[in-house]
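The values are calculated or read from the model by the stated rules, or taken from the named source; none is laboratory data. Computed from a predicted model, the values in this text were never measured in an experiment. All Cβ positions, even for glycine, are placed from backbone atoms using ideal geometry, and neighbour counts span all protein chains on display. Protein only, heavy atoms only, side chains kept; ligands, DNA and RNA dropped before computing areas. Shrake-Rupley method; radii C 1.70, N 1.55, O 1.52, S 1.80 Å.
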Amino acid sequence: MSFSLKNVISIKDFSKEDINFILKQAKELEPIARSQEMCQTMAGKILGMMFYEPSTRTRLSFETSMKRLGGGVIGFAEAGASSVTKGETLSDTARMVSEYADALVVRHNLEGAARFVSDVVDVPVINAGDGAGQHPTQTLLDLYTMQRVFGKIKGLNVALIGDLKYGRTVHSLSYALGMFGVKMSFVSPPELRMPREIMHDLRHNNVVAQETDSIQEVLDDVDVLYITRIQKERFPDIEEYLRIKGAYRINATMLQGKDLIVMHPLPRVDEISPDVDDTPYGKYFEQAFYGVPVRMALLNALIKPFE
Ligand code: CP
């Protein structure tokens, strides 16, 4: 088993073997992620962080991953703290940070930004979310969570719920689940349906994915409810956001007697009631932790250590 990619830009670039390689390595790295063992594979190496959009989990888990592997981290958590404010271009900024670092992690509000950066630098580039495009490392930790909870991915029945139009996490995840033979339900208001090109790609690959606007319709049949936030920041029209927000809310009473887990890429606003958090259903905090071993596995696969 091996890893073939130089950059991590889109989950569509991954083969199933690439994904399985990362999931297997992540399992081996879990004791280091939990600070039960030490590791120095990235000693002397530096990860460059370029975050043009806010982040808690992705940025901090990449930093934790690099440091747990013995490496260092540089970069900025908001463009306002860099020379971008003086008018420096994305291309120049990326080229500069790549002179200081062995790999770059890029989050940007524009779809395609990470791919663009990978075209202008020589070091590996990891897409940490590009607008409403893709979030491939989130997908890897989502798959890892399913595998850890169920012992398998193939054959699961997963409902993706909420903002399927703008949600980059569900865009990436739907392609990956399709690769693993997962039956999917897409639950959203009509205005926030999965983009038609993704539906087309999935159908072209004979992936089973039904669309509905009703959670009740899927609640008895799914293994995973994967809830997403309605993303206010991506709506061109705030009135439309105000009309749709709060369309779906999960609470512990709704879940009673069901045989399923609840996942969420986080942050949540009000789509999952806090009374789900400490039930056996709520897996989203565990899911966020799994970002560390998964991103450690990716860093080990992309950055060549010293001999
Ligand atoms: N899931 C996720 O991408 O979270 P952050 O925006 O906090 O990084």
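Points worth noting:
- Checking each residue in the range 194-212 for being assigned to a loop (DSSP other than H, G, I, E, B), under 30 Å from H108 (Cα atoms) and open to solvent by 30 Å² or more (accessible area, probe 1.4 Å) picks out only N205.
- Residue count for the range 1-47, restricted to those that are open to solvent by 50 Å² or more (accessible area, probe 1.4 Å) and over 19 Å from the mean Cα position of the chain (by Cα): 13
- Residue-level check: of (1) at pLDDT 95 or above; (2) away from the ligand (no atom under 15 Å from the Cβ); (3) exposed (fewer than 13 other Cβ atoms within 10 Å of the Cβ), G80 misses just (1).
- Output for the range 176-187, where each listed residue is crowded, with 21+ Cβ neighbours inside 10 Å and touching a residue at least 40 places away in the same chain (Cβ under 8 Å): V187
- Breaking point among (1) without any contact (Cβ under 8 Å) to a residue 40 or more places away in the chain; (2) open to solvent by less than 10 Å² (accessible area, probe 1.4 Å), for P293: (1)
- Filter result (touching a residue at least 40 places away in the same chain (Cβ under 8 Å), over 15 Å from the mean Cα position of the chain (by Cα) and either open to solvent by 10 Å² or more (accessible area, probe 1.4 Å) or more than 16 Å from the ligand (Cβ to nearest atom) (or both)) within the range 126-164: Q147, R148, V149, F150, L156, N157, V158, A159
- Scanning the range 108-137 for residues that are within 18 Å of L47 (Cα to Cα), of a type in the set (A, V, I, L, M) and in a loop (DSSP other than H, G, I, E, B) yields V121, V123.
- Scan of the range 263-282 for residues that are surrounded by fewer than 18 Cβ atoms within 10 Å (Cβ to Cβ) and either out of contact with any Lys or Arg (no Cβ under 7 Å at 6 or more places or on another chain) or not in a loop (DSSP other than H, G, I, E, B) (or both), ordered by number: P274, D275, D277, D278, T279, P280
- Condition check for E286: closer than 26 Å to S35 by Cα, of a type in the set (D, E) and in a helix (DSSP H, G or I): yes
- Residues in the range 217-259 that are modelled with pLDDT of 95 or more, exposed (fewer than 13 other Cβ atoms within 10 Å of the Cβ) and within 24 Å of the chain's Cα centre (by Cα): N251 alone.
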